Amino acid sequence: MENKMFCYQCQETVGNTGCTKVGVCGKTSDVANKQDLLIWVTKGLSDVVIRLRDEGTDISQSINQMITGNLFATITNANFDEEAISARISHTITVKEELKSKLNNKNGLTDAANFNSDLEDEIVDMARKVGVLSTENEDIRSLRELTVYGLKGLSAYVKHAEVLGHTSEEINKFIQKALVLTMDDSLDVDALTGLVLETGKYGVEGMALLDSANTSKYGNPEITKVNIGVRNNHGILISGHDLRDMEMLLKQTEGTGVDVYTHSEMLPANYYPAFKKYDHFVGNYGNAWWKQKEEFESFNGPILMTTNCIVPPKDSYIDRLYTTGVTGFSGCKHIEGDIGEEKDFSEIIEHAKKCQSPLEIETGEIVGGFAHEQVFKLADTVVEAVKSGAIKKFVVMAGCDGRQKGRNYYTDFAEALPSDSVILTAGCAKYRYNKLNLGDIGGIPRVLDAGQCNDSYSLVAIALKLQEIFELEDVNELPIIYNIAWYEQKAVIVLLALLHLGVKDIHLGPTLPGFLSPNVVNVLVENFGISGIGTVEEDIKEFFPNEVVSGDKISSDILIGDLIRKYPESIPVLMEMGMGCLGCPSSQVESIGEAAIVHGVDVNIIIAKIEDAINE
């Protein structure tokens, strides 16, 4: 029987030869196989590096950066350029051989550490052998790959911190140790499960490292209204996650007449104080990464991809797509620049001046900037809202968006949430609901956007702060539920970080990752209560038992006449709030939102009290 594997790039099941086609992700089998080889030779380099440290040899930061950079380059939708991947493989082998020559004891090195070839045929042949199916035991394979995917996400955090001068030798040592342990055949399921949770521990540390790097350089994110319309100037669209690239681009475009817009995961750059001083920083254009084919085309100007989330470009704009950092796509101009170097964006700026201004696809504003420090400033308001019952639950809906139709679930779920719940989000999953009119609770928006998937640390910090404020022994005692969307490796490291912190009963969708074997899923279910999503109606009922849900949801638009006919229990509440003229014909056709304005009361408090009365 053919052994099956899950392609984390395409999110499809493929055969035992790995990827054999250009999948949904756009990668050819040659590129996919060479990415597997790059990971493998990086494991070999890590083996040599660990041994050198044990022998007392200092390892340069450039070697650490090579290892994290290699892992980041293989993350979902980051680099499609076979030539660039091949160059990384060759350079990694060369550096590994130079370091290996310094080893006193070479006995027992792994096959990955001993592999040395510059012959294309031998490299291609080895690339086909070292993929995820190199181990037949599906449970061992599942846990190894779960670790590797987590390490890729962790490497992304580390890489973004490194460009801002923040490093952690402890984290780098762990990444290298863990890579080597994924080749250790003596480790059983229990040992590898422990490695997975340890990866989550360092995931939290990596998030904290990046948070410190970003906020010390650019300030703490602030509550910000972000423009989603356009101006008539030439423009450059910047996507991805790298704030250092954002900073350099803004500086170099200042005074040129070229506007800068963010796209997808770069949206939270709008929240940082350091970037608000640039008058030509306009706002955000478009939505999540998977809509870029249409949105990049309509933008008209050049696009700079700073990290992962590339979709294979259409011919109509491939000449306008620029890559930098670990990203790459054959046929696109790559802007060079190592860590610590100033990149030259003059070519993309001059290109922008020759293009038409962006085509407007929407207008208005969206609100964000609710990272941990901003939420801490609102702590008294939030705590009072929780104590009064105005806020019953927080719903963590972080993670990644994707093109699958099933992800409409997250829009429907957000719309179906009871009006006394608040969404905590980070990552591009927010584009499923951040433009909905979900209102606020006592001035607190019902969607609190903490930032990029890289900023998921804020969600952790907020939860731990609430645990401290309410003096709870267990984070699971908080009124917080978790309904997370996953797509690529940074979503995996967020999940592992939550598991390390002991968070339980996480719902993960739109499906559970296909690279998890049934036995590994059972371990996660039994120990952490991990589960997939159901229908919106089923999940709302599970998360909010005894609440008014779905079609019975009370909204500020409901007419008082309809309300009291359907829910007589609401009459005493309305009377208590000073609305004594319920029998008046005019009040019957007035919404409770309108009535609340007339009577000077908070409509969300009225709704919360009515729903409590209905549920009694």
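The values are calculated or read from the model by the stated rules, or taken from the named source; none is laboratory data. The structure presented is a predicted model; accordingly, all values stated were derived computationally and were not measured. Every residue, glycine as well, gets a Cβ built from its backbone with ideal geometry; the counts of neighbours run over all protein chains shown.
Filtering region 364-383 to residues that are in contact (Cβ under 8 Å) with a residue 24 or more places away in the chain and either closer than 14 Å to residue 443 by Cα or touching a Pro at 6+ places or on another chain (Cβ under 7 Å) (or both) leaves 367, 368, 369, 370, 371, 374, 375, 378, 379, 381, 382, 383.
Please determine whether any residue of region 532-545 is at pLDDT below 85, out of contact with any Phe, Trp or Tyr (no Cβ under 7 Å at 6 or more places or on another chain) and within 24 Å of residue 414 (Cα to Cα).
yes
Scan region 248-270 for residues that are within 21 Å of the chain's Cα centre (by Cα) and either free of Cβ contacts under 8 Å to residues at least 60 places away in the same chain or assigned to a helix (DSSP H, G or I) (or both) and jot them down.
Of everything in region 248-270, those that are within 21 Å of the chain's Cα centre (by Cα) and either free of Cβ contacts under 8 Å to residues at least 60 places away in the same chain or assigned to a helix (DSSP H, G or I) (or both) turn out to be 262, 263, 264, 265, 266, 267, 268, 269, 270.
Out of curiosity, is residue 464 buried (at least 17 other Cβ atoms within 10 Å of the Cβ) and under 21 Å from residue 207 (Cα atoms)? Considered against the rule, which asks whether it is buried (at least 17 other Cβ atoms within 10 Å of the Cβ) and under 21 Å from residue 207 (Cα atoms), residue 464 comes out as no.
Do we find a residue being buried (at least 20 other Cβ atoms within 10 Å of the Cβ), at pLDDT 95 or above and within 18 Å of residue 144 (Cα to Cα) anywhere in region 48-57?
no
Taken over region 297-338, the criterion of being in contact with a strand residue (DSSP E or B) (Cβ under 8 Å, 6 or more places away or on another chain), β-branched (Val, Ile, Thr) and part of a loop (DSSP other than H, G, I, E, B) is satisfied by 306, 310, 326, 327. Report yes if residue 228 is under 28 Å from residue 444 (Cβ atoms) and over 17 Å from the mean Cα position of the chain (by Cα), otherwise no. It is true that residue 228 is under 28 Å from residue 444 (Cβ atoms) and over 17 Å from the mean Cα position of the chain (by Cα).
Tell me, which residue of region 203-230 that is among the hydrophobic types (A, V, I, L, M, F, W, C) and in a helix (DSSP H, G or I) is surrounded by the fewest Cβ atoms within 10 Å (Cβ to Cβ)?
The qualifying residue surrounded by the fewest Cβ atoms within 10 Å (Cβ to Cβ) is 208.
Test residue 174 against the criterion of being of a type in the set (Phe, Trp, Tyr), out of contact with any Pro (no Cβ under 8 Å at 6 or more places or on another chain) and farther than 26 Å from residue 334 by Cβ, and give yes or no. The answer is yes for residue 174. Taken together, the residues in region 354-375 that are in contact with a strand residue (DSSP E or B) (Cβ under 9 Å, 6 or more places away or on another chain), exposed (fewer than 13 other Cβ atoms within 10 Å of the Cβ) and closer than 20 Å to residue 283 by Cα amount to 3.
From the set of residues in region 164-179 that are assigned to a loop (DSSP other than H, G, I, E, B) and touching a helix residue (DSSP H, G or I) at 6+ places or on another chain (Cβ under 6 Å), which is surrounded by the fewest Cβ atoms within 10 Å (Cβ to Cβ)? Filtering first and then ranking leaves 166. Taken together, the criteria place residue 73 among residues that are touching a strand residue (DSSP E or B) at 6+ places or on another chain (Cβ under 9 Å), assigned by TED's automatic domain parsing to the domain that holds residue 171 and surrounded by 15 or more Cβ atoms within 10 Å (Cβ to Cβ).
Checked against the criteria, residue 283 counts as in a strand (DSSP E or B) and either free of Cβ contacts under 8 Å to residues at least 12 places away in the same chain or surrounded by fewer than 23 Cβ atoms within 10 Å (Cβ to Cβ) (or both). Check region 293-316 and report whether any residue there is hydrophobic (A, V, I, L, M, F, W, C), modelled with pLDDT of 95 or more and surrounded by fewer than 17 Cβ atoms within 10 Å (Cβ to Cβ). Looking for residues that are hydrophobic (A, V, I, L, M, F, W, C), modelled with pLDDT of 95 or more and surrounded by fewer than 17 Cβ atoms within 10 Å (Cβ to Cβ), one finds none in region 293-316, hence no.
Inclusion of residue 425 among residues that are among the β-branched types (Val, Ile, Thr), at negative phi, free of Cβ contacts under 8 Å to residues at least 40 places away in the same chain and surrounded by fewer than 21 Cβ atoms within 10 Å (Cβ to Cβ) is not warranted.
Assess whether residue 369 counts as being at positive phi and among the small types (Gly, Ala, Ser).
Details: at positive phi: yes; among the small types (Gly, Ala, Ser): yes.
Considered against the rule, which asks whether it is at positive phi and among the small types (Gly, Ala, Ser), residue 369 comes out as yes.
A single entry from 392, 435 fulfils the requirement of being closer than 21 Å to residue 475 by Cβ, in contact (Cβ under 8 Å) with a residue 12 or more places away in the chain and among the charged types (D, E, K, R): 392. With the condition kept exactly as written, say whether any residue in region 554-575 is closer than 28 Å to residue 402 by Cβ and either modelled with pLDDT of 90 or more or more than 20 Å from the chain's Cα centre (by Cα) (or both). No, because not a single residue in region 554-575 is closer than 28 Å to residue 402 by Cβ and either modelled with pLDDT of 90 or more or more than 20 Å from the chain's Cα centre (by Cα) (or both). Taken as a whole, the condition of being of a type in the set (Val, Ile, Thr), modelled with pLDDT under 85 and crowded, with 18+ Cβ neighbours inside 10 Å does not apply to residue 523. With respect to (1) buried (at least 20 other Cβ atoms within 10 Å of the Cβ); (2) modelled with pLDDT of 95 or more, the lone exception for residue 456 is condition (2). Scanning region 321-355 for residues that are touching a Pro at 6+ places or on another chain (Cβ under 6 Å) and farther than 27 Å from residue 71 by Cα yields 348, 351, 352. When we screen 326, 386, 382 for residues that are of a type in the set (A, V, I, L, M) and surrounded by fewer than 22 Cβ atoms within 10 Å (Cβ to Cβ), the only hit is 386.
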